[in-house]
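First up is the structure itself, then whatever we jot down about it.
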Amino acid sequence: MFTIEEMNDKLNKIHCMDCLDFMQEVPDNYFDLVLTDPPYGIGMDGKVGINGAGKAKEYAQKDWDRKAPDKEIFDEVIRISKNQIIFGANHFIDKIPYPSSCWLFWDKDNEASFFADGEMAWTSFKTAVRKYKYRWHGMLQQDMANKEIRQHPTQKPTELFKLILRDYAKDGFKIYDPFLGSGTTAIACQGLNNMNLQWCGTELEPDYVAIANKRLSQVQGSLF
């Protein structure tokens, strides 16, 4: 088990490793909040995404979304953190140990589309259901003046995660994402300069670690 000092040294870094191996060394309740978007087990790891012209966007074919994470993963997530926000849990709710009154619904504002109208996140909070509306439909994004390049087939908008963190994190919180992907959780934490958030992420795929580190390097010290 890592000591608190060893854990503190792992903050604000991306660790290219299996999240379960990492979490099994983390002390109980070390993180204040886990914000994550794990694999849903629905095969979204290849050619997905439609741009504004209706043409499929190609992503490198991977093999990480063939099944949802095992229950052991979520048991560890809950052990090491005081609160959790887990996107896609409607696909694997049988692996979450208890129900919640507070689900988050992300309305993608994608108009007529064969894609889902939104996505849901399970949370450990005791408040009511909350909705976040943020357009994310191919080439169309809510903030076209600061458009994000989509480099991951299930990439979430940085601004969406910033909105969630403003509502559910507090100043100085330690945030962990076991499935960091292209780095959105880390980038959102980095962008909320006035909240002094510390973050930590694990990601098994080296290509995504490289993408996340590059994205982080582009926003270091900037104000979103």
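The values are calculated or read from the model by the stated rules, or taken from the named source; none is laboratory data. Quick caveat, the model's predicted, so the values are computed rather than measured. For neighbour counting, all protein chains shown are included, and Cβ atoms are generated from backbone atoms with ideal geometry for every residue, glycine included. Accessible surface areas use protein heavy atoms only, side chains included; no ligands, DNA or RNA. Shrake-Rupley method; radii C 1.70, N 1.55, O 1.52, S 1.80 Å.
Below are the figures for this structure:
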item	result
Gained length - ALA128 relative to ASN194, 0.36 nm times residue gap less alpha-carbon distance	21.1 nm
Charge dipole magnitude, Cβ of K and R +1, D and E -1 - the stretch 136-208, Cα centre, debye nearest 20	200 debye
Among 24-35, 93-104, the order from most to least packed when residues are scored by Cβ within 10 Å on average	24-35, 93-104
Accessible area in square angstrom per residue, the stretch 68-173, 1.4 angstrom probe	48 Å²
Net charge contributed by nearby residues that have their C-beta within less than 12 Å of THR3 (K/R +1, D/E -1)	-3
Fraction of accessible area attributable to carbon and sulfur, the stretch 142-205 (%, probe 1.4 Å)	46 percent
Formal net charge of residues neighbouring ILE85 (Cβ-Cβ distance under 11 Å; K, R +1; D, E -1)	-2
In the stretch 102-211, lysine pairs closer than 23 Å at Cα, eight or more apart or cross-chain	22
ASP70 paired with THR3, simple spin-label distance in nm, labels 7 Å along Cα-to-beta-carbon	3.1 nm
Amide H contacts of LEU33 (H built 1.01 Å from N, under 5 Å, at least 5 apart or other chain)	LYS82, ASN83, LYS174, TYR176
TRP103 long-range amide H proximity, modeled H, under 5 Å	VAL129, ARG130
Fully extended contour minus Cα-Cα distance, from LYS214 to ASP171, at 0.36 nm per residue	12.9 nm
Computed accessible area, ILE149, all protein chains, 1.4 angstrom probe, square angstrom	120 Å²
Sorted peptide list for 5-15, 175-185, 150-160, criterion being average Cβ within 10 angstrom, highest first	175-185, 150-160, 5-15
